[in-house]
Amino acid sequence: MLDFDVSFVRCDRRRFLQNVAAFSAGLAYPFVTPPPSAAQTALPPAGRTIFVSNGAQLASALAAAMPGDHIVLNDGTYTGSFQITRSGTTAAPIVIRAANLGRAYLTGSLTLSGSDVWLYGTTCTADRSLNIRNDRICVLRNIFTGRRAIYLYRASYCKIGYNYFNPPADDPNTSWDDILLDLTNSDVAANRMSRFNHIFRNHFSSRPASDPASYLNRNHGIYVATYALNNYPPTGNIIEYNLFAHDRLRPIYLKHGGNIVRGNTILSSPNYKYRGMMCNSRYGTGDQWIGNYFENDYGLIINGSSHLVLGNTFAPTSSCRLYLMAGQERTSHPPATDCVAAGNNGTTIVGFTFYGGNGPFLFAERNRVEANVGEVRQTQWARNNVISPNTSRSVPQATKLSVQSVGPWAI
(Lines give C-alpha, C1' and ligand atoms only; values in the text may rest on other atoms or scores of the structure.)
Protein backbone atom coordinates (compact mmCIF):
# COMPACT_ATOMS: atom_id res chain seq x y z
CA MET A 1 0.00 0.00 0.00
CA LEU A 2 1.44 3.35 -1.01
CA ASP A 3 1.33 6.15 1.55
CA PHE A 4 -0.19 9.47 0.63
CA ASP A 5 2.52 12.15 0.45
CA VAL A 6 0.99 15.48 1.49
CA SER A 7 4.14 17.31 0.34
CA PHE A 8 3.33 16.20 -3.22
CA VAL A 9 0.29 18.47 -3.40
CA ARG A 10 2.07 21.52 -2.05
CA CYS A 11 3.12 24.10 -4.60
CA ASP A 12 6.28 24.00 -6.68
CA ARG A 13 7.03 27.67 -6.11
CA ARG A 14 10.12 27.02 -3.97
CA ARG A 15 11.48 24.56 -6.51
CA PHE A 16 10.96 27.05 -9.34
CA LEU A 17 12.66 29.90 -7.45
CA GLN A 18 15.64 27.66 -6.64
CA ASN A 19 16.02 26.90 -10.33
CA VAL A 20 15.88 30.58 -11.26
CA ALA A 21 18.51 31.41 -8.65
CA ALA A 22 20.80 28.67 -9.92
CA PHE A 23 20.50 29.92 -13.51
CA SER A 24 21.07 33.55 -12.55
CA ALA A 25 24.19 32.61 -10.62
CA GLY A 26 25.53 30.48 -13.48
CA LEU A 27 25.61 27.41 -11.25
CA ALA A 28 25.15 23.77 -12.16
CA TYR A 29 22.11 22.81 -14.13
CA PRO A 30 19.06 23.51 -11.96
CA PHE A 31 17.83 20.01 -11.13
CA VAL A 32 17.08 20.92 -7.52
CA THR A 33 14.64 18.06 -6.87
CA PRO A 34 13.84 14.82 -8.70
CA PRO A 35 10.59 14.49 -10.63
CA PRO A 36 7.64 12.98 -8.77
CA SER A 37 7.51 9.21 -8.72
CA ALA A 38 4.45 7.05 -9.20
CA ALA A 39 4.53 6.32 -5.48
CA GLN A 40 4.13 10.01 -4.68
CA THR A 41 0.86 10.12 -6.62
CA ALA A 42 -0.84 7.62 -4.30
CA LEU A 43 -4.41 8.43 -3.37
CA PRO A 44 -4.96 10.22 -0.06
CA PRO A 45 -6.84 8.34 2.66
CA ALA A 46 -10.62 8.52 2.47
CA GLY A 47 -12.86 10.09 5.06
CA ARG A 48 -16.22 9.06 3.62
CA THR A 49 -16.49 6.83 0.56
CA ILE A 50 -19.51 7.48 -1.66
CA PHE A 51 -20.17 5.07 -4.53
CA VAL A 52 -22.13 6.33 -7.55
CA SER A 53 -23.41 4.55 -10.64
CA ASN A 54 -25.10 7.21 -12.80
CA GLY A 55 -25.06 10.91 -13.59
CA ALA A 56 -27.75 11.88 -11.10
CA GLN A 57 -25.92 10.18 -8.23
CA LEU A 58 -22.66 11.81 -9.27
CA ALA A 59 -24.23 15.29 -9.37
CA SER A 60 -25.73 14.75 -5.92
CA ALA A 61 -22.42 13.55 -4.46
CA LEU A 62 -20.54 16.53 -5.91
CA ALA A 63 -23.08 18.99 -4.46
CA ALA A 64 -22.72 17.51 -0.95
CA ALA A 65 -18.97 16.78 -0.98
CA MET A 66 -16.86 17.42 2.12
CA PRO A 67 -13.08 17.47 2.67
CA GLY A 68 -11.71 13.94 2.61
CA ASP A 69 -14.60 12.46 0.63
CA HIS A 70 -13.85 9.86 -2.04
CA ILE A 71 -16.56 9.86 -4.71
CA VAL A 72 -16.06 6.52 -6.45
CA LEU A 73 -17.48 6.03 -9.95
CA ASN A 74 -18.50 2.46 -10.66
CA ASP A 75 -17.87 1.13 -14.16
CA GLY A 76 -20.20 2.73 -16.67
CA THR A 77 -21.09 5.91 -18.56
CA TYR A 78 -21.89 9.23 -16.86
CA THR A 79 -23.83 11.49 -19.19
CA GLY A 80 -24.22 15.23 -18.66
CA SER A 81 -22.17 18.18 -17.50
CA PHE A 82 -21.00 18.27 -13.89
CA GLN A 83 -19.54 20.86 -11.52
CA ILE A 84 -18.11 20.80 -8.03
CA THR A 85 -18.01 24.07 -6.08
CA ARG A 86 -17.02 22.51 -2.76
CA SER A 87 -13.36 22.58 -1.66
CA GLY A 88 -11.20 20.09 0.14
CA THR A 89 -7.98 20.81 2.00
CA THR A 90 -4.36 20.00 1.21
CA ALA A 91 -4.33 17.15 3.74
CA ALA A 92 -7.91 16.04 2.97
CA PRO A 93 -8.75 16.74 -0.68
CA ILE A 94 -12.03 15.74 -2.28
CA VAL A 95 -11.29 12.82 -4.61
CA ILE A 96 -13.38 11.94 -7.68
CA ARG A 97 -12.09 8.58 -8.88
CA ALA A 98 -12.96 5.57 -10.96
CA ALA A 99 -13.47 2.28 -9.17
CA ASN A 100 -11.40 0.69 -11.94
CA LEU A 101 -8.83 2.57 -13.97
CA GLY A 102 -10.28 3.95 -17.21
CA ARG A 103 -13.67 2.23 -16.91
CA ALA A 104 -15.79 5.18 -15.72
CA TYR A 105 -16.66 7.29 -18.78
CA LEU A 106 -17.51 10.99 -18.47
CA THR A 107 -19.15 12.02 -21.75
CA GLY A 108 -19.75 15.71 -20.90
CA SER A 109 -17.77 18.45 -19.20
CA LEU A 110 -16.57 18.50 -15.62
CA THR A 111 -15.84 21.87 -13.98
CA LEU A 112 -13.72 21.96 -10.82
CA SER A 113 -14.55 25.30 -9.17
CA GLY A 114 -13.49 24.34 -5.67
CA SER A 115 -9.88 24.01 -4.55
CA ASP A 116 -8.07 20.85 -3.40
CA VAL A 117 -9.95 18.42 -5.64
CA TRP A 118 -8.52 15.31 -7.32
CA LEU A 119 -9.70 13.60 -10.51
CA TYR A 120 -8.27 10.10 -10.74
CA GLY A 121 -8.53 7.20 -13.19
CA THR A 122 -11.50 8.26 -15.34
CA THR A 123 -11.98 8.35 -19.12
CA CYS A 124 -13.15 11.75 -20.40
CA THR A 125 -14.50 11.69 -23.96
CA ALA A 126 -15.87 15.20 -24.62
CA ASP A 127 -14.15 18.18 -26.22
CA ARG A 128 -13.02 20.59 -23.47
CA SER A 129 -13.95 17.92 -20.97
CA LEU A 130 -12.17 19.27 -17.87
CA ASN A 131 -12.33 22.92 -16.77
CA ILE A 132 -10.10 23.84 -13.82
CA ARG A 133 -11.11 27.07 -12.08
CA ASN A 134 -9.30 26.94 -8.74
CA ASP A 135 -6.01 26.06 -7.08
CA ARG A 136 -4.34 22.83 -5.97
CA ILE A 137 -6.21 20.54 -8.35
CA CYS A 138 -4.66 17.12 -9.04
CA VAL A 139 -5.49 15.35 -12.31
CA LEU A 140 -3.88 11.92 -12.27
CA ARG A 141 -4.02 8.74 -14.37
CA ASN A 142 -6.96 9.75 -16.56
CA ILE A 143 -7.62 9.15 -20.26
CA PHE A 144 -8.74 12.04 -22.48
CA THR A 145 -10.06 11.35 -25.98
CA GLY A 146 -11.54 14.77 -26.89
CA ARG A 147 -10.01 18.01 -28.09
CA ARG A 148 -8.83 20.69 -25.62
CA ALA A 149 -8.99 18.16 -22.85
CA ILE A 150 -7.93 20.38 -19.93
CA TYR A 151 -8.50 24.12 -19.62
CA LEU A 152 -6.93 25.97 -16.67
CA TYR A 153 -8.26 29.46 -15.94
CA ARG A 154 -6.94 31.38 -12.94
CA ALA A 155 -5.72 28.07 -11.55
CA SER A 156 -2.37 27.69 -9.79
CA TYR A 157 -0.40 25.00 -7.95
CA CYS A 158 -2.19 22.26 -9.91
CA LYS A 159 -0.67 18.89 -10.78
CA ILE A 160 -1.46 17.11 -14.04
CA GLY A 161 0.38 13.82 -14.25
CA TYR A 162 0.38 10.28 -15.66
CA ASN A 163 -2.53 10.98 -18.04
CA TYR A 164 -3.08 9.73 -21.59
CA PHE A 165 -4.25 12.12 -24.31
CA ASN A 166 -5.57 10.55 -27.51
CA PRO A 167 -7.71 13.11 -29.38
CA PRO A 168 -8.77 12.94 -33.03
CA ALA A 169 -6.39 14.59 -35.47
CA ASP A 170 -8.81 15.46 -38.27
CA ASP A 171 -10.12 18.97 -37.60
CA PRO A 172 -8.37 21.18 -40.17
CA ASN A 173 -10.22 24.41 -39.38
CA THR A 174 -10.05 24.72 -35.60
CA SER A 175 -7.14 25.20 -33.23
CA TRP A 176 -7.22 22.88 -30.22
CA ASP A 177 -4.88 22.35 -27.28
CA ASP A 178 -4.59 19.26 -25.11
CA ILE A 179 -3.75 21.42 -22.07
CA LEU A 180 -4.35 25.18 -22.16
CA LEU A 181 -3.13 27.49 -19.41
CA ASP A 182 -4.93 30.76 -20.16
CA LEU A 183 -3.58 34.18 -19.14
CA THR A 184 -5.13 37.60 -19.79
CA ASN A 185 -4.66 41.21 -18.71
CA SER A 186 -7.47 40.89 -16.19
CA ASP A 187 -5.78 37.87 -14.63
CA VAL A 188 -2.66 39.91 -13.94
CA ALA A 189 -4.66 42.83 -12.56
CA ALA A 190 -6.51 40.48 -10.22
CA ASN A 191 -3.30 38.59 -9.33
CA ARG A 192 -5.03 35.41 -10.52
CA MET A 193 -2.71 34.11 -13.20
CA SER A 194 -2.28 30.38 -13.80
CA ARG A 195 1.12 29.92 -12.13
CA PHE A 196 3.32 27.24 -10.59
CA ASN A 197 1.46 24.36 -12.19
CA HIS A 198 3.22 21.03 -12.64
CA ILE A 199 2.63 18.88 -15.75
CA PHE A 200 4.52 15.57 -15.73
CA ARG A 201 4.72 11.98 -16.99
CA ASN A 202 1.85 12.39 -19.45
CA HIS A 203 1.58 10.51 -22.76
CA PHE A 204 0.37 12.66 -25.67
CA SER A 205 -0.83 10.66 -28.65
CA SER A 206 -3.56 11.16 -31.28
CA ARG A 207 -5.73 9.20 -33.63
CA PRO A 208 -4.90 9.39 -37.36
CA ALA A 209 -6.48 12.05 -39.55
CA SER A 210 -9.35 10.68 -41.63
CA ASP A 211 -8.23 12.79 -44.59
CA PRO A 212 -4.47 13.43 -44.29
CA ALA A 213 -4.35 15.23 -47.64
CA SER A 214 -6.49 18.12 -46.34
CA TYR A 215 -5.20 18.16 -42.78
CA LEU A 216 -3.50 21.45 -41.83
CA ASN A 217 -2.55 21.28 -38.18
CA ARG A 218 -2.70 24.39 -35.98
CA ASN A 219 -2.97 22.52 -32.70
CA HIS A 220 -0.85 22.45 -29.55
CA GLY A 221 -0.04 19.93 -26.86
CA ILE A 222 0.70 22.17 -23.85
CA TYR A 223 -0.05 25.83 -24.52
CA VAL A 224 0.83 28.57 -22.02
CA ALA A 225 -1.18 31.35 -23.65
CA THR A 226 -1.18 35.08 -23.04
CA TYR A 227 -2.94 37.97 -24.71
CA ALA A 228 -0.82 40.82 -23.36
CA LEU A 229 2.81 40.15 -23.91
CA ASN A 230 4.86 42.54 -21.79
CA ASN A 231 5.66 43.04 -18.12
CA TYR A 232 4.17 39.82 -16.84
CA PRO A 233 5.66 38.15 -13.77
CA PRO A 234 7.05 34.66 -14.53
CA THR A 235 4.49 31.88 -14.55
CA GLY A 236 6.75 29.28 -12.96
CA ASN A 237 5.08 26.28 -14.58
CA ILE A 238 7.11 23.05 -14.61
CA ILE A 239 6.64 20.77 -17.64
CA GLU A 240 8.72 17.63 -17.33
CA TYR A 241 9.12 14.00 -18.40
CA ASN A 242 6.22 14.00 -20.85
CA LEU A 243 6.19 11.94 -24.05
CA PHE A 244 4.80 13.62 -27.17
CA ALA A 245 4.13 11.37 -30.16
CA HIS A 246 1.12 12.99 -31.74
CA ASP A 247 -0.29 15.23 -34.47
CA ARG A 248 0.37 18.66 -33.00
CA LEU A 249 2.02 21.63 -34.68
CA ARG A 250 3.57 22.72 -31.39
CA PRO A 251 3.87 20.04 -28.70
CA ILE A 252 4.97 22.69 -26.17
CA TYR A 253 4.13 26.33 -26.96
CA LEU A 254 5.09 29.03 -24.45
CA LYS A 255 3.82 32.56 -24.99
CA HIS A 256 4.76 33.67 -21.51
CA GLY A 257 8.13 33.37 -19.79
CA GLY A 258 9.50 31.84 -16.64
CA ASN A 259 8.68 28.18 -17.30
CA ILE A 260 10.86 25.11 -16.70
CA VAL A 261 10.75 22.44 -19.43
CA ARG A 262 12.95 19.44 -18.74
CA GLY A 263 13.36 15.78 -19.58
CA ASN A 264 10.59 15.63 -22.19
CA THR A 265 10.67 13.54 -25.38
CA ILE A 266 9.20 15.07 -28.54
CA LEU A 267 8.66 12.73 -31.49
CA SER A 268 6.88 13.13 -34.80
CA SER A 269 3.81 10.95 -35.02
CA PRO A 270 3.86 8.20 -37.66
CA ASN A 271 0.48 9.60 -38.76
CA TYR A 272 1.75 13.15 -39.08
CA LYS A 273 1.26 14.61 -42.55
CA TYR A 274 1.89 18.31 -41.98
CA ARG A 275 5.49 19.44 -41.89
CA GLY A 276 6.53 22.03 -39.34
CA MET A 277 6.21 20.39 -35.93
CA MET A 278 8.19 22.46 -33.39
CA CYS A 279 8.46 23.51 -29.75
CA ASN A 280 8.63 27.24 -29.13
CA SER A 281 9.36 29.91 -26.54
CA ARG A 282 7.47 32.61 -28.43
CA TYR A 283 7.48 35.53 -25.97
CA GLY A 284 8.69 36.41 -22.50
CA THR A 285 11.92 35.89 -20.63
CA GLY A 286 13.59 33.25 -18.54
CA ASP A 287 12.31 29.92 -19.85
CA GLN A 288 14.56 26.94 -19.11
CA TRP A 289 14.72 24.07 -21.62
CA ILE A 290 16.82 21.38 -19.95
CA GLY A 291 17.68 17.83 -21.00
CA ASN A 292 14.89 17.34 -23.54
CA TYR A 293 15.08 14.88 -26.44
CA PHE A 294 13.85 16.22 -29.81
CA GLU A 295 13.12 14.03 -32.80
CA ASN A 296 10.56 16.28 -34.48
CA ASP A 297 10.51 18.41 -37.64
CA TYR A 298 11.91 21.71 -36.39
CA GLY A 299 13.29 20.98 -32.94
CA LEU A 300 13.18 24.04 -30.69
CA ILE A 301 12.49 27.66 -31.69
CA ILE A 302 13.66 30.36 -29.26
CA ASN A 303 12.29 33.92 -29.33
CA GLY A 304 12.55 36.38 -26.46
CA SER A 305 15.27 37.04 -23.93
CA SER A 306 17.30 35.42 -21.16
CA HIS A 307 16.28 31.83 -21.85
CA LEU A 308 18.46 28.87 -20.85
CA VAL A 309 18.77 25.95 -23.29
CA LEU A 310 20.92 23.27 -21.64
CA GLY A 311 21.82 19.69 -22.46
CA ASN A 312 19.14 19.00 -25.06
CA THR A 313 19.54 16.45 -27.85
CA PHE A 314 18.37 17.18 -31.40
CA ALA A 315 18.16 14.10 -33.60
CA PRO A 316 20.29 14.34 -36.77
CA THR A 317 17.48 14.99 -39.27
CA SER A 318 17.42 17.69 -41.92
CA SER A 319 15.75 20.38 -39.80
CA CYS A 320 15.55 19.17 -36.17
CA ARG A 321 17.79 21.84 -34.67
CA LEU A 322 18.04 24.57 -32.08
CA TYR A 323 17.08 27.91 -33.60
CA LEU A 324 17.94 31.17 -31.79
CA MET A 325 15.71 33.33 -33.88
CA ALA A 326 16.02 36.73 -35.49
CA GLY A 327 12.92 38.83 -34.85
CA GLN A 328 10.22 40.11 -37.13
CA GLU A 329 8.22 43.19 -36.11
CA ARG A 330 5.51 42.53 -38.67
CA THR A 331 4.60 39.20 -37.08
CA SER A 332 5.36 40.24 -33.46
CA HIS A 333 8.16 37.70 -33.10
CA PRO A 334 10.91 39.12 -30.84
CA PRO A 335 14.53 38.11 -31.50
CA ALA A 336 16.48 35.80 -29.22
CA THR A 337 18.66 38.02 -27.01
CA ASP A 338 20.81 37.40 -23.92
CA CYS A 339 20.13 33.66 -24.03
CA VAL A 340 22.49 30.87 -22.99
CA ALA A 341 22.64 27.63 -25.01
CA ALA A 342 25.12 25.21 -23.42
CA GLY A 343 26.02 21.56 -23.93
CA ASN A 344 23.37 20.84 -26.55
CA ASN A 345 23.82 17.99 -29.02
CA GLY A 346 22.92 18.84 -32.61
CA THR A 347 22.99 21.80 -34.97
CA THR A 348 22.43 25.32 -33.60
CA ILE A 349 21.53 28.23 -35.86
CA VAL A 350 21.70 31.81 -34.57
CA GLY A 351 19.69 34.48 -36.38
CA PHE A 352 17.39 32.14 -38.28
CA THR A 353 14.33 33.56 -40.08
CA PHE A 354 11.31 31.82 -41.53
CA TYR A 355 8.58 34.41 -41.20
CA GLY A 356 8.30 35.15 -44.91
CA GLY A 357 9.45 38.17 -46.85
CA ASN A 358 12.90 39.72 -46.92
CA GLY A 359 12.86 41.64 -43.67
CA PRO A 360 13.96 43.88 -42.21
CA PHE A 361 14.52 41.52 -39.31
CA LEU A 362 15.65 42.18 -35.74
CA PHE A 363 19.09 40.87 -34.81
CA ALA A 364 19.61 37.85 -32.59
CA GLU A 365 22.32 39.23 -30.33
CA ARG A 366 24.22 38.96 -27.05
CA ASN A 367 23.58 35.21 -26.90
CA ARG A 368 26.10 32.63 -25.71
CA VAL A 369 26.49 29.22 -27.35
CA GLU A 370 28.77 27.04 -25.25
CA ALA A 371 30.15 23.50 -25.73
CA ASN A 372 27.73 22.67 -28.53
CA VAL A 373 28.19 19.15 -29.92
CA GLY A 374 27.59 19.77 -33.61
CA GLU A 375 27.59 22.65 -36.05
CA VAL A 376 26.98 26.25 -34.90
CA ARG A 377 25.92 28.57 -37.70
CA GLN A 378 25.29 32.32 -37.62
CA THR A 379 23.26 34.12 -40.27
CA GLN A 380 23.49 37.73 -41.41
CA TRP A 381 20.85 38.54 -38.76
CA ALA A 382 23.12 37.49 -35.86
CA ARG A 383 25.55 39.87 -34.18
CA ASN A 384 27.51 40.28 -30.96
CA ASN A 385 27.07 36.64 -29.96
CA VAL A 386 29.71 34.49 -28.21
CA ILE A 387 30.49 30.99 -29.48
CA SER A 388 32.67 29.02 -27.08
CA PRO A 389 33.87 25.39 -27.14
CA ASN A 390 33.65 25.25 -23.33
CA THR A 391 31.10 25.73 -20.58
CA SER A 392 31.31 25.93 -16.81
CA ARG A 393 27.81 24.51 -16.42
CA SER A 394 27.06 20.89 -15.56
CA VAL A 395 25.29 19.38 -18.55
CA PRO A 396 22.55 16.75 -18.13
CA GLN A 397 22.13 13.80 -20.47
CA ALA A 398 18.89 13.85 -22.45
CA THR A 399 17.10 10.49 -22.47
CA LYS A 400 14.48 9.23 -24.90
CA LEU A 401 11.43 8.27 -22.84
CA SER A 402 9.56 5.03 -23.39
CA VAL A 403 5.79 4.55 -23.42
CA GLN A 404 6.14 2.40 -20.31
CA SER A 405 7.43 5.36 -18.26
CA VAL A 406 4.45 7.67 -18.83
CA GLY A 407 0.67 7.59 -18.77
CA PRO A 408 -1.94 5.96 -16.50
CA TRP A 409 -0.36 2.50 -16.37
CA ALA A 410 3.22 3.57 -15.60
CA ILE A 411 4.60 2.33 -12.29
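The values are calculated or read from the model by the stated rules, or taken from the named source; none is laboratory data. The structure displayed is predicted, hence computed values, not measured ones. Methodologically, a virtual Cβ is constructed for each residue, glycine included, from the backbone with ideal geometry; neighbour enumeration extends over all protein chains shown.
List of remarks:
- Filter pass, Asp178 being modelled with pLDDT under 90, acidic (Asp, Glu) and over 13 Å from the mean Cα position of the chain (by Cα): no
- Residue selected from the range 286-305 under the condition polar (S, T, N, Q) and touching a residue at least 40 places away in the same chain (Cβ under 8 Å), by the criterion surrounded by the fewest Cβ atoms within 10 Å (Cβ to Cβ): Gln288
- Meets criteria (at pLDDT below 70 and of a type in the set (Phe, Trp, Tyr)) for Tyr274: yes
- Options Gln380, Gln328: the member that is modelled with pLDDT under 95, buried (at least 21 other Cβ atoms within 10 Å of the Cβ) and in contact with a strand residue (DSSP E or B) (Cβ under 9 Å, 6 or more places away or on another chain): Gln328
- All positions within the range 116-146 that are aliphatic (A, V, I, L, M) and closer than 19 Å to Leu43 by Cα: Val117, Leu119, Ile137, Val139, Leu140, Ile143
- In the range 148-158, the residue that is modelled with the lowest pLDDT out of those that are surrounded by fewer than 24 Cβ atoms within 10 Å (Cβ to Cβ) and closer than 14 Å to Ile222 by Cβ is Arg148.
- So Ile222, is it in contact with an Asp or Glu (Cβ under 9 Å, 6 or more places away or on another chain), part of a strand (DSSP E or B) and at pLDDT 90 or above: yes
- From the list Ala371, Ala341, the lone residue that is under 24 Å from Gly257 (Cα atoms) and at pLDDT 95 or above is Ala341.
- Enumeration of residues in the range 352-368 that are at positive phi and at pLDDT 95 or above: Arg366
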